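Inspection log for the structure reproduced underneath, given as structure tokens.
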């Protein structure tokens with residue numbers, strides 16, 4: 001990875017931590033065990049922790065569990081080589097024992113790739129359900145465990161009504177469990193219920209994070225999500241296609257904000273509580289496509305096909321995070337898009 | 001006024017009807033005419049799609065490159081579409097070449113219970129900025145619940161539309177209405193329908209599909225397609241216009257394009273032959289007709305018996321070799337009957 005890109009990410013971490021470092025004080029001199037440690041979320045947690053150690057002498061060490069550490073060494077060699085990060089090659093489902101000096105756990109193992117959800121539904125479900133189960137079993141035996149942050153999903157709220165309000169943590173979402181696309185959110189709901197059961201029975205200090213949508217460095221454009229398609233098509237000067245009317249509202253958080261919010265939840269979140277993690281700043285798909293086209297400087301045509309009347313809104317209400325933990329979004333949608341586009345251009349990941 | 005997108009399969013499904021012997025002149029003449037008529041999507045290629053030319057399903061007179069290059073030169077407004085069945089078409093050899101030649105729309109097809117095999121092809125096509133529709137062939141063989149499950153997979157892989165094919169011409173309007181309604185109410189992407197005319201239902205079934213919410217309808221000029229043919233494009237344009245649906249196709253010019261097919265391309269106008277009725281009733285792939293006729297003649301058995309036996313065995317496209325096996329078995333049974 002070229003140093004320019006590393007510098008970009010460091011600048012993002014610096015911005016996310018500016019005037020907020022003291023909010024993570026509890027994580028100093030701690031050992032954090034992270035499942036899914038080399039995925040998108042895990043990589044950003046490692047970046048921000050590295051910055052905390054280098055700039056603010058946090059002396060926090062990470063154990064990053066991953067099924068494919070070779071790919072990680074290729075993706076982020078500057079992180080893989082660090083002494084404060086240890087890579088553990090293991091599938092989350094095979095965890096038997098967690099090192100006894102671990103004091104915090106972040107459970108981020110699961111893929112949000114909806115193609116995998118339908119092609120390998122049993123594997124996806126097993127990673128989430130069995131993975132969470134064995135992790136919680138092992139965590140019970142840790143003498144100094146202070147907190148587990150279970151990364152759930154905003155998808156557990158199910159399908160949103162047309163024009164519905166921002167989604168609060170108390171929203172009772174409805175999911176039709178008898179359909180292949182529910183495999184991921186239903187497994188995530190089960191994992192949340194498991195955390196609740198371990199908290200109730202063994203007082204395992206489990207906090208739930210429900211992430212929504214993110215865009216930025218360490219992502220790839222191959223997933224068939226609207227924002228990925230828009231950026232990819234703009235970067236290639238292809239037509240940006242919107243099947244519906246362009247009116248559905250979505251929101252996107254920049255990953256340095258995400259990483260800071262997650263560490264803050266790990267440090268100060270209340271066990272037994274679920275928190276939305278995402279940007280409350282909504283944007284219509286039409287406006288999103290126009291902004292992306294503008295920021296790329298693309299010649300792409302935006303083709304709104306009007307083949308459905310979808311006006312759904314998938315935007316988190318983050319009042320709980322803001323009021324109880326003082327969390328705010330530092331990178332707005334314009335900067336999020338501009339930095340993401342720059343990343344994809346610099347890395348050559350334009351497809 | 002609601003829009004219906006007509007996807008023209010004349011130069012692809014029609015290829016079956018002339019044993020994949022489309023010439024450059026055929027493609028040039030029809031593509032020009034279709035383009036002038038404002039037909040939104042014009043599919044071109046071997047009847048079984050990209051990369052399918054083979055001894056197994058029939059050798060194409062022209063290679064894929066020549067067919068696509070010829071069509072591309074003559075399509076200025078209409079999008080150039082291809083039918084792609086993973087297995088026949090590979091990403092590296094076929095899709096990459098097709099994209100270099102300027103294909104716009106990729107119709108990613110599989111047997112109606114095998115959507116899993118389309119993931120990589122759909123992803124690749126989307127990554128290259130192509131418009132991608134998922135296509136479930138032989139859809140009469142699966143109940144609507146299974147079709148939806150497979151359709152959801154294609155939607156998750158990135159398909160921007162989902163088309164069910166009545167490859168055997170086996171549906172009645174009620175069957176179409178039930179399936180399309182179920183898909184439309186559960187998918188986030190537009191739904192389409194591809195008819196065959198074995199039971200004389202292709203127009204009625206296409207109308208039923210649109211009334212149930214389908215927004216993409218496949219059709220062929222003069223019904224030029226496998227077996228008893230497809231829904232006749234120019235008839236559908238007229239019918240949809242009368243029903244108040246907008247196709248954005250110039251009817252007169254569509255009629256002119258159909259005349260070209262009749263005079264210059266097809267050997268004979270599609271008709272509902274007795275084997276077509278039987279294959280529709282038996283639920284067997286329409287494009288088997290020629291292979292069945294050959295086997296029936298060679299082994300001196302009734303082609304209708306072959307179709308019913310194939311229907312019992314639930315064969316699907318790509319299993320053409322079973323036709324000979326069935327013909328042999330029927331012939332053997334006949335001989336033993338004579339001697340026993």
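All of the numbers you see were taken from the coordinates with simple rules; none came from a lab. Fair warning: this is a prediction, and the values are worked out from it, not measured in the lab. Here the Cβ is made from the backbone with ideal geometry for all residues, glycine too, and neighbour counts use every protein chain on show.
The helix-only estimate of mean residue ellipticity at 222 nm for the protein assembly as shown, built from DSSP H runs of length n ≥ 4 each weighted as -39500 (n - 2.57), is -13500 deg cm²/dmol after division by the residue total.
Let a ≥ b ≥ c be the square roots of the eigenvalues of the Cα gyration tensor of the stretch A:148-285; is it rounded (a/c under 1.5), or, if not, prolate (a/b larger than b/c) or oblate?
prolate
If I fit a long axis through the Cα atoms of helix B:251-260 and take the longest principal axis of the Cα atoms of chain B, what angle between them do I get, 0 to 90°, rounded to 10? The answer is roughly 40 degrees. Relative contact order of the stretch B:2-265: 21 percent, from C-alpha pairs under 8 Å at least 6 residues apart in sequence. Label separation (residue A:324 vs residue A:56): 2.1 nm, computed from points 7 Å beyond Cα along the C-beta direction.
Taking R0 as 45 Å, what FRET efficiency do you get between residue B:319 and residue A:203 from their Cβ-Cβ distance, rounded to the nearest 0.05?
0.15
Give, as ranges by residue number, the residues of the stretch A:124-147 whose backbone N falls under 11 Å from the point 7 Å along Cα→Cβ of residue A:88. So the set is A:135, A:138-139. How far apart, in nanometres, would the label points at residue A:335 and residue B:96 be if each is projected 7 angstrom from Cα along the Cα-to-Cβ direction? Computed distance between label sites residue A:335 and residue B:96 equals 4.1 nm. For the stretch B:274-339, the Cα-based Rg and Dmax, in that order, read 11.0, 35 Å. Spatially, the stretch A:1-57 and the stretch B:229-255 are offset by 61 Å when compared through their Cα centroids.
Take every Cα pair under 8 Å whose residues are at least 6 apart in sequence, average their separation, divide by the length of chain A, and the relative contact order is 18 percent.
So how much slack lies between residue A:281 and residue A:239, counting 0.36 nm per residue of separation and subtracting their Cα-Cα distance, in nm?
So the chain would gain 12.5 nm between residue A:281 and residue A:239.
When the Cα gyration tensor is reduced to axis lengths a ≥ b ≥ c, the ratio a/c is 1.5 or higher for the stretch B:199-252, and with a/b not above b/c it is classed as oblate. Beta-bridge orientation, the stretch B:2-265: approximately 5 percent antiparallel, per DSSP, counting only bridges with both partners inside. The spacing between the stretch A:266-280 and the stretch B:98-154, judged by their C-alpha centroids, is 39 Å.
So if I take the centroid of the Cα atoms in the stretch A:281-323 and the same for the stretch B:28-84, what is the distance between those two points in Å? Comparing the Cα centres of the stretch A:281-323 and the stretch B:28-84, I get a distance of 36 Å.
Counting Cβ atoms of other protein chains within 10 Å of each residue's Cβ and taking the mean over peptide B:3-10 gives 1. For chain A, the longest principal axis of the alpha carbon atoms and the long axis of helix A:333-347 meet at an angle near 80°. Our estimate of slack between residue B:25 and residue B:117, defined as 0.36 nm per intervening residue step minus the Cα-Cα distance, is 29.6 nm. Between helix A:183-202 and chain A, what is the angle of the helix's C-alpha long axis to the longest principal axis, kept within 0 to 90° and rounded to the nearest 10? For helix A:183-202, the angle is close to 30 degrees.
Kirkwood-type hydrodynamic radius, the stretch B:129-173: 11.1 Å, calculated from all non-identical alpha-carbon pairs. On full extension, the segment bounded by residue B:2 and residue B:262 gains 90.6 nm, given 0.36 nm per residue less the C-alpha separation. Over the protein assembly as shown, what is the percentage of antiparallel beta bridges among all DSSP beta bridges, to the nearest 5? About 5 percent, rounded to the nearest 5.
For chain A, the antiparallel share of DSSP beta bridges with both residues in that region comes to about 10%. Is chain B best put as rounded, prolate or oblate by its Cα gyration tensor, with a ≥ b ≥ c the root eigenvalues, rounded for a/c under 1.5, and otherwise prolate when a/b is larger than b/c, oblate when not? Judged from the Cα gyration tensor, chain B comes out rounded (a/c under 1.5).
Taking label points 7 Å from Cα along the Cα-to-Cβ direction, residue A:220 and residue A:96 give a separation of 3.2 nm.
Can you tell which of A:212, A:260, A:171 shows the greatest fluctuation in a Gaussian network model of chain A with Cα springs below 10 Å? Looking only at A:212, A:260, A:171, the largest GNM fluctuation is found for A:171.
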